[in-house]
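Read through the structure below, which is laid out as structure tokens, and then see the notes.
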Amino acid sequence: MTLRHLNKKRNKIRRKTVSRRAKESKFTVSVLSAVLICVAGLVYVFQISGVATKGYEIENYEKTLFELQRENQKMLIKIADLKSMNNLENEFGKLSVIDYKNITYITSISSAVAME
């Protein structure tokens with residue numbers, strides 16, 4: 001064997017090794033890409049389900065808020081009704097108050113005094 005023949009053999013071996021490494025690196029990149037795509041898909045699905053859950057919770061809170069606002073308005077109307085003049089007159093009539101018709105006032109120099 002000549003030196004030239006040996007060099008050709010070594011180059012072929014080197015070429016095979018380099019091409020094999022290139023194929024292995026392409027395979028590794030492909031596998032890593034597939035894994036990253038799967039992980040990204042799972043993260044996306046979990047985020048979407050979380051957003052949907054929060055949407056339902058917000059909807060329930062809005063319904064509760066609306067009901068509480070309606071109840072608050074009803075209570076404000078009831079408070080206004082209880083403070084109204086008709087109600088005060090009715091409550092005043094229930095009390096045992098004596099109506100004095102003949103009241104005489106005696107005035108003194110310093111102050112006024114009422115007599116029955």
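The values are calculated or read from the model by the stated rules, or taken from the named source; none is laboratory data. Treat the numbers as computed from the prediction; the structure is a model and nothing was measured.
Values computed for the structure shown
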| read-out | value |
| --- | --- |
| Filter pass, VAL39 being assigned to a helix (DSSP H, G or I), of a type outside the set (Lys, Arg) and modelled with pLDDT of 95 or more | yes |
| Flag for ARG70 being assigned to a helix (DSSP H, G or I) and at pLDDT below 70 | no |
| Residue check for TYR56: assigned to a helix (DSSP H, G or I) and at pLDDT 95 or above | no |
| Checking LYS101 against (1) at pLDDT below 75; (2) not in a helix (DSSP H, G or I), the condition it does not meet | (1) |
| Flag if LEU6 is at pLDDT 80 or above and in a helix (DSSP H, G or I) | no |
